[in-house]
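Let me begin by presenting the structure, written as structure tokens, before commenting on it.
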Amino acid sequence: MSTYLVARAHGLNTRLLPPNFFEALASVKKIREIVNLLSPTEYSKYIEKGEEIDIESLYKVYAQVFSDRLRLISLIPLSRDLAEFRNNIIMKYEVENIIKILLGLKAKKDFNEIEKYLIPGLKSRINYNELYQERTVERAIQYLKTKGYRISEKALELYTKYDTILPIEKELLSNNYKKLIEKASKLGRETKMLVKKLVSIESDIENIFTSIASLLYGYSIELIENLILPFSGRVDTKTFLTIVNSRNPREALEKLSIYNEIIVPLLNKDEFKAKIAALKNLSSFLNSYKISSSMAPPYLLYLIRKMEYEYKYLIYISYSIYYGSKPEISSEMLIK
Amino acid sequence: MAVAGIRIMPTRGFLIEFKRRIKAIEEGYKLLEMKRDELTNKLRNYLESLKAARKHVIETASKILMEFAKVYGLVGPDVIDSLAASVGEIDISIIPVSIMGITVPEVRIDKLPEAKNKFPPVVRAIALTLYELFEDLIKITTLETKIEIISYDLERTNRIVNALEKIVLPEMKEIAKMIEDSLDEDELEEFTRLKIVRDKIVGGR
């Protein structure tokens, strides 16, 4: 069964945009040119020929294609354990949708303003409109709890105290990772190990950005300590907690030297550069991950992450061009 | 004539009163001149401060906009819009302050919405810079208003000082001189008449 899944995943991989597409994007200056480049691809089925497309519509096109690909994967017939593993990978995007709705509720936006940026068509246990109808973040969280989401009292307390969605966001992400590892462990030791490896690298990257918040921006230590994801990667969780309580940037530099390309710009408050370095780091990891997981269920995790990167990379490039900024397009950011 | 409306009477009493008036106006003119000089200095200082503040704000705002253009797509337009919309309200008080008798506003920020602890990575650096910029923007607005009010008053003061210096005081001094000359002439006439009468009286004995 897992061989069938991996074979289908390899097949789906061929539908993604090739590296030379992104090379061609390097010389693009207008949205129309992006649309022209997309015309021989899967994206063109959502773009009316000859019609001028605005940036919001292009965003919807990207989201729709991503959603179609996830739906294709969700339709693959699998055994129960494999299906649960697959569903938990896709659950990440339901979590992303939920966070967008919570942010929208906090900002008192209309549902149609929020809805246009959600990943559409996800097979979800949440009715997004019902979630929105709760009208406040507190009531929305109670609704989520009735649908099986676990959000601790501590996260709620921090949300109320600091008036920020960050603790809830981190808790949802952390729970998603825990569930993913739990489902992976049912598929064998190798699968569990490979999944934990990816989760821990992704957590490392998140934790780097989180841990320096109190040092650089005066964020509350109590808040930041509770935002550290509890998955140790190349850097131990305890190290991140030490950095949170540190008042010395040198300590962060020393302890996170393995991620030098990220921590150096971060300590210079060049967060954009740090984020790009982080994405390159993740891409590089995923490219090596592809090889180690190529015949195992975690290949699906690799594939879905690659699809996610394509979707978000296209959004980043399109908005950068739209706002007249030259986007960073480099082969290092591509997952091959 | 600047002294229109005053009934000129060529009498010693009127002259004394008129000279007292001229002296009072001269003192007023000196005070207004001092006020004008002080307002000019203040205006010059405010203009220099404004120039520096504007330069800083424009440079910072340009950098922020460039960063924003990069970050908008990376973070997600919906996330940035939601974060921006959920920032709390600002409370300010406008306090009137007197400068050389002119009332100008001073803005006091009573409450800025909390910037820390709110924003996720990448957005937070820009958000915190924007918060600092906001205080500079308040400073610029206050300076511009002060400059406008002071300029208006300076223009008015300048007009009054010039009018006093070039028209009113010279005219009044001229009138005073005329009255004085006229009185002197009358006195001389009277004296000459008396002398002639005395000579006639003495000659007739």
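Numbers at a glance
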read-out: Complete set of residues in segment A:243-276 that are hydroxyl-bearing (S, T, Y) and open to solvent by 60 Å² or more (accessible area, probe 1.4 Å); value: A:S257
read-out: Test for B:S151: is it loosely packed, with under 15 Cβ neighbours inside 10 Å, touching a helix residue (DSSP H, G or I) at 6+ places or on another chain (Cβ under 7 Å), closer than 30 Å to B:E27 by Cα and among the small types (G, A, S); value: yes
read-out: Members of segment A:170-207 found to be of a type in the set (G, A, S) and within 15 Å of the chain's Cα centre (by Cα), listed by number; value: A:S174, A:S200, A:S203
read-out: Members of segment B:108-128 found to be of a type in the set (V, I, T) and either surrounded by 14 or more Cβ atoms within 10 Å (Cβ to Cβ) or within 7 Å of chain A (Cβ to nearest Cβ) (or both), listed by number; value: B:V122, B:V123, B:I126
read-out: A:L241 being modelled with pLDDT under 95, touching an Asp or Glu at 6+ places or on another chain (Cβ under 9 Å) and in a helix (DSSP H, G or I); value: yes
read-out: Helices (runs of 4 or more DSSP H) wholly inside segment A:162-219 that include at least 1 residues being aliphatic (A, V, I, L, M) and within 21 Å of B:S82 (Cα to Cα); value: A:166-185, A:213-217
read-out: Filter pass, B:G88 being within 12 Å of chain A (Cβ to nearest Cβ), modelled with pLDDT under 90 and part of a helix (DSSP H, G or I); value: no
read-out: Wholly within segment A:1-52, helices (runs of 4 or more DSSP H) carrying at least 3 residues that are modelled with pLDDT of 85 or more and open to solvent by less than 20 Å² (accessible area, probe 1.4 Å); value: A:31-38
read-out: Enumeration of residues in segment A:209-234 that are facing another protein chain (nearest Cβ under 10 Å), surrounded by fewer than 23 Cβ atoms within 10 Å (Cβ to Cβ) and over 21 Å from A:D163 (Cβ atoms); value: none
read-out: Contacts under 8 angstrom Cβ, first residue in segment A:256-276 being polar (S, T, N, Q), partner assigned to a helix (DSSP H, G or I) and crowded, with 21+ Cβ neighbours inside 10 Å, 6 or more apart; value: A:S257/A:I263
read-out: Filter result for the condition that a residue is among the basic types (K, R), surrounded by 19 or more Cβ atoms within 10 Å (Cβ to Cβ) and assigned to a helix (DSSP H, G or I), over A:K306, A:K290, A:K312; value: A:K306
read-out: Qualifying position, being more than 9 Å from chain B (Cβ to nearest Cβ) and of a type in the set (F, W, Y), among A:Y117, A:Y149, A:Y162; value: A:Y149
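For (1) of a type in the set (A, V, I, L, M); (2) part of a helix (DSSP H, G or I); (3) free of Cβ contacts under 8 Å to residues at least 60 places away in the same chain, each residue gets a yes or a no:
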position	(1), (2), (3)
B:A69	yes, yes, yes
B:Y72	no, yes, yes
B:S82	no, yes, yes
B:P96	no, no, yes
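The values are calculated or read from the model by the stated rules, or taken from the named source; none is laboratory data. All figures in this text were calculated on a predicted structure; none of them were measured in a lab. Cβ sites come from the backbone with ideal geometry, for glycine too, and all protein chains shown count toward neighbours. Quick note on the areas: whole protein, heavy atoms, side chains included, nothing else; ligands and nucleic acids left out. Shrake-Rupley method; radii C 1.70, N 1.55, O 1.52, S 1.80 Å.
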